[in-house]
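Engineer: Have a look at this one.
The values are calculated or read from the model by the stated rules, or taken from the named source; none is laboratory data. Just so it is clear, the structure is predicted and the values come from calculations on it, not from any experiment. Don't worry about glycine lacking a Cβ; one is built from the backbone with ideal geometry, like all the others, and counts go over all protein chains shown. Each accessible area value is taken on the protein alone, full model and side chains, heavy atoms only, with ligands, DNA and RNA left out. Shrake-Rupley method; radii C 1.70, N 1.55, O 1.52, S 1.80 Å.
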Amino acid sequence: MKLLTFELQGSQHLGALTGAGVINLSAAAPNELAFSSMQHFIEAGQPALDRAYALLASSPATLASDQINWLAPLPIPVQIRDCLGFEEHLKNAFESAVKVSAMGADDPMKAEEELRATGRFEVPEVWYQQPIYYKANRFSVAESGKDIVWPAYSEIMDFELEMACIIGKKGKDISKDDAHEHIFGYTIYNDFSARDAQMLESQGMLGPAKGKDFEDSVILGPVIVTKDELNDPYNLRMQARVNGETWCDNNSNTIHWKFSDMIAHISMGETLHPGEVIGSGTVGLGCGLEHLRFLNDGDIVELEIDQIGVISNKVIKR
């Protein structure tokens, strides 16, 4: 099932996207808490999903997708963690980071050599030993279609094409073999990034902060595809376009750390809760940094993943 959150006549609703249009699940089951929001639906587990399928089978009225105001499927997730799952992206990003960091030097080539000599721009060995992640700002989630105002402190604008899984079942110390049972579904994740701020703060060795955390920096959507409809998330075409030009055409099968690895690692000694979002990390060539091309005022970024859909946002610099 493809689930969405939308606004209609000033109220938020849970919906299901079908070939005929959008089914308002909140209206179809008005007195059931599970259908009052995406978060409640996820928390209600398999019985809620079974009930939703029964509602769809009853042929309720549909809404045209352009009649509603689409929101992020989880407007305020309970938690967001973003991992580094793709080796190709990491290698490309380090190579580009050297060049970006040396750009402002009087002798960029010499600066590049000096930066490479530090070893700071090589893939760290720990990345091959365990999944690496940071916690993003859950209040920075925005929807596809929203204009994203670039933060005033940044001059280098970028995007990142990722997939994300949504946790559906509470658990702690989850094994890799059992991890799939804790996944509710999947969505597209655009991790907008202020690269100049990120490059500066990365020297502090505490990970991203203002390079990632600003208003509307995380785009989720357009839907959450439940895992029963997307049994194999590791063979999906992933594309990124800027103003209609393809910048990335890759596949999720290039991932190194799978969601099962991430869940097993993150849940060690820590409880995962329904509604948590875990990003895959950027697919190889899925951001401007890897191409040494960055966004300009007014650019439109489209990210597409097979069987999930397309999210699109314009970036505006003020």
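Engineer: For GLY185, what residues show an amide H to amide H distance below 5 Å, using hydrogens built from the backbone and excluding near sequence neighbours?
Structural biologist: Those lying under 5 Å, H to H, from GLY185 are ILE166, LYS227.
Engineer: Another question, then. Got a sec to turn the phi values of the range 105-117 into Karplus ³J(HN,Hα) couplings, 6.51 cos²θ - 1.76 cosθ + 1.60 with θ = phi - 60°, whole Hz, x for Gly and Pro?
Structural biologist: Karplus values, whole Hz, x for Gly and Pro: 6, 5, 10, x, 5, 5, 4, 4, 4, 5, 5, 4, 5.
Engineer: Quick one: length gained pulling ASN31 to ASP66 fully straight, 0.36 nm per residue minus the C-alpha distance?
Structural biologist: 10.0 nm
Engineer: Further question on the same structure: Let me have the 222 nm mean residue ellipticity of the chain computed from DSSP H runs of 4+ only, each contributing -39500 (n - 2.57), with the sum over all residues rounded to the nearest 500.
Structural biologist: Counting only the DSSP helices, I get -6500 deg cm²/dmol.
Engineer: Cross-link list LYS176/LYS258; LYS135/LYS210; LYS146/LYS317; LYS91/LYS212; LYS176/LYS227; LYS135/LYS317: which exceed 18 angstrom alpha carbon to alpha carbon?
Structural biologist: From LYS176/LYS258; LYS135/LYS210; LYS146/LYS317; LYS91/LYS212; LYS176/LYS227; LYS135/LYS317, over 18 Å: LYS91/LYS212; LYS135/LYS317.
Engineer: Leaving out ligands, DNA and RNA, and with a 1.4 Å probe, what % of the accessible surface on the range 64-221 is carbon or sulfur?
Structural biologist: It is 51 percent, rounded to a whole number.
Engineer: Length gain on complete extension for the stretch ALA20 to GLN46, per 0.36 nm per residue less the alpha carbon to alpha carbon distance?
Structural biologist: Roughly 6.9 nm would be gained on extension.
Engineer: Quick one: accessible area per residue over the range 168-211, 1.4 Å probe, rounded to a whole number of Å²?
Structural biologist: Values: 2170 Å² over 44 residues.
I get 49 Å² per residue for this part.
Engineer: Here is a further query. Within the chain, which is the longest segment that contains none of the chymotrypsin sites (Phe, Trp or Tyr not before Pro) sitting in a DSSP loop with at most 14 other Cβ atoms within 10 Å?
Structural biologist: On the way: sites that count: TYR153, TYR234.
The segment 1-152 is the longest one with no such site.
Engineer: For a quick check of your reading of the filter: which trypsin sites (Lys or Arg not before Pro) in the range 27-130 sit in a DSSP loop and have no more than 14 other Cβ atoms within 10 Å?
Structural biologist: Answer by residue number: there is no such site.
Engineer: Continuing with the same structure: Tell me, what ³J(HN,Hα) does each residue in the range 227-242 have, in order and in whole Hz, if you take phi through Karplus 6.51 cos²θ - 1.76 cosθ + 1.60 with θ = phi - 60° and put x for Gly and Pro?
Structural biologist: Per residue, the Karplus-derived 3J(HN,Hα) values read 5, 5, 9, 10, 5, 10, x, 10, 8, 10, 5, 10, 10, 10, 10, 10 Hz.
Engineer: Return the loop-located GluC sites (Glu not before Pro) in the range 241-311 (DSSP other than H, G, I, E, B) with at most 15 other Cβ atoms within 10 Å of their own Cβ; answer none if there are none.
Structural biologist: Values: sites: GLU245, GLU270, GLU276, GLU290, GLU302, GLU304; in loops: GLU270.
Taking the range 241-311 and a limit of 15 other Cβ atoms within 10 Å, the loop GluC sites (Glu not before Pro) found are GLU270.
Engineer: Which cross-chain or sequence-distant (5 or more) residues have an amide H under 5 Å from the amide H of ALA136, H modelled 1.01 Å from N in plane?
Structural biologist: Result for ALA136 returns ILE80, ARG81, ASP82.
Engineer: How far, in nm, would the chain grow between LYS170 and LYS91 when pulled straight, counting 0.36 nm per residue and subtracting the alpha carbon separation? Numbers along the way, then the final one.
Structural biologist: Numbers: separation 79, 0.36 × 79 = 28.44 nm, distance 3.39 nm.
Gain in length upon complete extension: 25.0 nm.
Engineer: If amide H atoms are built 1.01 Å from N in the plane of the peptide, which residues on other chains or at least 5 residues away come under 5 Å of the amide H of TRP247?
Structural biologist: Under 5 Å from the amide H of TRP247 lie the amide H atoms of ALA240, ARG241, VAL242, each far enough along the sequence or on another chain.
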